[in-house]
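Report on one structure; see the data block that follows.
The values are calculated or read from the model by the stated rules, or taken from the named source; none is laboratory data. Computed from a prediction, not measured in an experiment: that's the story for all the values here. Every residue, glycine among them, receives a Cβ derived from its backbone with ideal geometry; neighbour counts consider all protein chains shown. All accessible areas refer to the heavy atoms of the entire protein, side chains included, with ligands and DNA or RNA removed. Shrake-Rupley method; radii C 1.70, N 1.55, O 1.52, S 1.80 Å.
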Amino acid sequence: MGKNLAILVMVLILMRITNASIDDIPVTTVRIQNDLGDGIHLKIHCKSGDDDLGEKDFASGQFTEWKFTANVFLRNTLFFCKMKWNNVEGSFDVYRYTRDESRCLKCLWSIKKDGAYSYAQHPNQKWERLYEWKK
């Protein structure tokens, strides 16, 4: 808790010096959707260094979504998820500050049979397969 308090104090001091407000720090959203089809359920367990979002089970078409404020000073915010469907599983980063701060504020994921697709808002506004399932 001491580390988090020190970071908060540092942020407040920097905001005071620069006349910034809490409203100036963007809120990031991560949304992961089960697009496996065929009635296949997807189990997802997501975590960061500070938060464990728990294990969830989603029917085809369902999604999970959460919001957070990335650490813009340390630039180290990371959320990763373990996913499993049928006999297939994998683990990967769904938000990594160094990759995503310029790609998305609403980081969308579509989980399909051939991999995990991420929507890049910037610069090209397109779906990209960032991860393939291990065979």
Checklist entry - Restricting the stretch 76-121 to residues that are in a strand (DSSP E or B) and of a type in the set (A, V, I, L, M), which is surrounded by the fewest Cβ atoms within 10 Å (Cβ to Cβ)? => result Val88
Item to check | Residues of the stretch 122-135 satisfying the condition of being open to solvent by 50 Å² or more (accessible area, probe 1.4 Å) and either among the hydrophobic types (A, V, I, L, M, F, W, C) or farther than 19 Å from Gly90 by Cβ (or both) | outcome: His122, Pro123, Asn124, Gln125, Lys126, Trp127, Leu130
Next on the checklist: Given the options Asn86, Asn124, name the one that is farther than 30 Å from Val9 by Cα and without any contact (Cβ under 8 Å) to a residue 12 or more places away in the chain.
Outcome noted: Asn124
Item to check | Scope the stretch 62-75; condition under 18 Å from Cys107 (Cβ atoms), open to solvent by 50 Å² or more (accessible area, probe 1.4 Å) and aliphatic (A, V, I, L, M); matching residues | outcome: Val72
Checklist entry - Within the group Phe79, Phe58, which residue is at negative phi and out of contact with any Asp or Glu (no Cβ under 8 Å at 6 or more places or on another chain)? => result Phe58
Checklist entry - Inside the stretch 41-61, can you point out the residues that are open to solvent by less than 30 Å² (accessible area, probe 1.4 Å) and under 20 Å from Thr77 (Cα atoms)? => result Ile44, Cys46, Ser48, Gly54
Checklist entry - Within the stretch 71-82, can one find any residue that is touching a residue at least 60 places away in the same chain (Cβ under 8 Å) and hydroxyl-bearing (Ser, Thr, Tyr)? => result no
